[in-house]
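Below: the structure, in structure tokens.
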Amino acid sequence: MNVSILVKSLAGSIAMMAMASPALAAAQATPAASAQAPAAVSLKIDVMIEKTVTENGVSKVQLVDPKVVVPGDKLVYTLRYHNAGGLPAVNYVMTNPLPSAVLLAPDGAPGTDVSVDGGKTWGKLDALKVTATDGSPRAAAAADVTHIRWTIAQIAPGASGEVQYHGIVR
Amino acid sequence: MNTYLTPLRRAAGIAGCSIVALSLTAPLAQTAHATGVLAGTLIENTATATYETGAGTGSVTSNKVTVKVDELLDVAVSTLSTAPATATSAPAVLVYSVTNSGNGPEAFNLAADPKVSGNAFDGTIKSLALDSNNNGVYDPGVDTLLTAGALATPVLAPDKSVKVFVLVTLPAGAADAQTSQVRLTATAQTGTGTPGTSFTGKGEGGGDAVVGLTTASANSLAGLVASLANLTLTKSATILDPFGTAKPVPGAVVTYSLAAKVSGSGSLDGLHVIDTIPDGTTYVPGSLKLDAAALTDAADGDAGVGGASGIDVTLGKIAGGTTKTVVFAVKIN
């Protein structure tokens, strides 16, 4: 029992180290976790609020844990994955439907595929079209995005990484 | 501190199940709202992932993160009067619109200020009223007059607006065609301040209320123009004596002409032209005329009365720019 708890907390601390590293962190061996749960890649999401704080005339952006937000607040969602299994995971596709109350910030999810039709079709935002109110097609904007998708070609055993996107409370 | 253990277990429990991912890619109802997400809304977010390993395919659902939307205090005020409202002896009616541009229900205090820089005169605020029947026109007796000390809108739902009438009377010194403005200010009853000011526990549903970019206070100007009229009365006389000349001798007839000139953009009501018969003269029966049309002497259907006690011609309501001329004759005794 005691041993088991020790193993768990060890796995947790290693995971936290991985989380703190930048996106697509290099592989890290976590033999304890892989022994516990083979062939599983976890996914965890968290949200922070971006506050611009001006101190002594210098503006800087702070990330704070939001309890509450108001319309117009900028949110940063972070999706963290971790391959705790013993096998490489390939074609790891993370899908996040945007909450209806959240607008994708302009250039809020650069370089990844988005959907503007509820996840039916996907592409880079500048290649997508939506139907304008007059029935004619127009170029999709960040505000039209309903879903965001990231594809990680391969996650080695024990590897971790994260992706982020920026949203605005409608 | 969260470890990955919980998601791992969950992932194991639904391994191979792709229904989860499919159901979450269904279109979400887009609740576009001009004033933003309603106060009290919970913004929940869950992501999913699918992947393949040598042992088969897997899918995983993330934890759910939730943030609550607080009440944002915002307000907009605009004037609906496209041209300056006319103030005569009756008050000018200025029309404003007050909109709750916040995301929670809120009532707004109202203040009308007639002292605006550049005014030719400062009007007097007679009363404020709400457009109870929402027809954009002030209907006395129908639209709710606000009582002093309770000058406020009702609680407005987000995005809802109410029309406010401000009734303004002219001060004594105002002259015809002078203009003036009145500023209507609406402030959130919960509080105002610099954007970001927070009122703990005052928000919808027990959350905080936060002042938005409008500072929770807004105002708008509406104009009025004085429409007044002035009366000038000019009396002239011509004499015709029995000898065909113009000497004021006994038996000569004096014809008086009274020109009542109304000037200005307004009008005057209840006008009478009244004159007496001078001592030593006698009214010439049947000589009374209004704008060259003969009037009978008797008090009857027409506008004039003439006789030994004098003349009285009723003009009624006369618009500015009009001149009415009354003529009567007397004979020198």
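The values are calculated or read from the model by the stated rules, or taken from the named source; none is laboratory data. This one's a predicted model, so the numbers in the text were calculated from it and none came from an experiment. Heads up, the Cβs are rebuilt from the backbone with ideal geometry, glycines too, and the neighbour counts pull from every protein chain shown.
Remarks
- Those strands (runs of 3 or more DSSP E) of region B:221-313 in which at least 3 residues are surrounded by fewer than 18 Cβ atoms within 10 Å (Cβ to Cβ), considering only elements entirely within it, cover B:229-240, B:253-264, B:267-275.
- Count of region B:136-189 residues which are surrounded by 13 or more Cβ atoms within 10 Å (Cβ to Cβ), polar (S, T, N, Q) and farther than 25 Å from residue B:211 by Cβ: 6
- Flag if residue A:121 is within 12 Å of another protein chain (Cβ to nearest Cβ), over 14 Å from residue A:94 (Cα atoms) and without any contact (Cβ under 8 Å) to a residue 12 or more places away in the chain: yes
- If you filter region A:50-79 down to residues that are part of a strand (DSSP E or B) and of a type in the set (Lys, Arg), you find that the one that is nearest to the other protein chains (Cβ to nearest Cβ) is A:51.
- From the options B:131, B:122, residue that is crowded, with 20+ Cβ neighbours inside 10 Å, in contact with a Lys or Arg (Cβ under 6 Å, 6 or more places away or on another chain) and either among the basic types (Lys, Arg) or closer than 30 Å to residue B:267 by Cα (or both): B:131
- Test: residue A:143 is touching a Phe, Trp or Tyr at 6+ places or on another chain (Cβ under 8 Å), touching a residue at least 12 places away in the same chain (Cβ under 8 Å) and under 30 Å from residue B:72 (Cα atoms): no
- Residue in region A:103-114 that is under 25 Å from residue A:41 (Cα atoms), modelled with pLDDT of 90 or more and outside any loop (DSSP other than H, G, I, E, B) present: yes
- Test result for residue A:98, touching a residue at least 24 places away in the same chain (Cβ under 8 Å), more than 7 Å from every other protein chain (Cβ to nearest Cβ), closer than 18 Å to residue A:43 by Cα and not polar (S, T, N, Q): yes
- Failed condition for residue B:196, given (1) assigned by TED's automatic domain parsing to the domain that holds residue B:313; (2) in contact with a strand residue (DSSP E or B) (Cβ under 8 Å, 6 or more places away or on another chain); (3) part of a loop (DSSP other than H, G, I, E, B); (4) not hydroxyl-bearing (Ser, Thr, Tyr): (1)
- Any hit, region B:9-32, residues being at pLDDT 85 or above and either part of a loop (DSSP other than H, G, I, E, B) or not assigned by TED's automatic domain parsing to the domain that holds residue B:136 (or both): no
- Filter pass, residue A:124 being at pLDDT 90 or above and in contact with an Asp or Glu (Cβ under 9 Å, 6 or more places away or on another chain): yes
- Count of residues meeting criterion [touching a helix residue (DSSP H, G or I) at 6+ places or on another chain (Cβ under 7 Å) and facing chain B (nearest Cβ under 7 Å)] in region A:83-95: 3
- In region B:103-142, of all residues being hydroxyl-bearing (Ser, Thr, Tyr) and not in a loop (DSSP other than H, G, I, E, B), the one that is nearest to the chain's Cα centre (by Cα) corresponds to B:127.
- Flag if residue A:119 is crowded, with 23+ Cβ neighbours inside 10 Å, assigned to a loop (DSSP other than H, G, I, E, B) and out of contact with any Cys (no Cβ under 6 Å at 6 or more places or on another chain): no
- Annotation: residue A:135 fulfils all but one of (1) at negative phi; (2) modelled with pLDDT under 90; the unmet one is (1).
- The residue list A:158, A:167 contains one member that is over 15 Å from the mean Cα position of the chain (by Cα), within 12 Å of chain B (Cβ to nearest Cβ) and buried (at least 18 other Cβ atoms within 10 Å of the Cβ), which is A:158.
Results for (1) under 30 Å from residue A:169 (Cβ atoms); (2) buried (at least 18 other Cβ atoms within 10 Å of the Cβ); (3) modelled with pLDDT of 95 or more, shown as yes or no for each residue.
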residue	(1), (2), (3)
B:36	yes, yes, no
B:52	no, no, no
B:56	no, no, no
B:70	yes, yes, no
B:75	yes, yes, yes
B:90	no, no, no
B:99	yes, yes, yes
B:102	yes, yes, no
B:108	yes, yes, yes
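- Elements of type strands (runs of 3 or more DSSP E) in region B:42-102, at least 2 residues being in contact with a strand residue (DSSP E or B) (Cβ under 7 Å, 6 or more places away or on another chain) and within 9 Å of another protein chain (Cβ to nearest Cβ): B:42-45, B:48-53, B:56-61, B:65-69, B:71-73
- Scan of region B:202-217 for residues that are more than 10 Å from chain A (Cβ to nearest Cβ) and aliphatic (A, V, I, L, M), ordered by number: B:216
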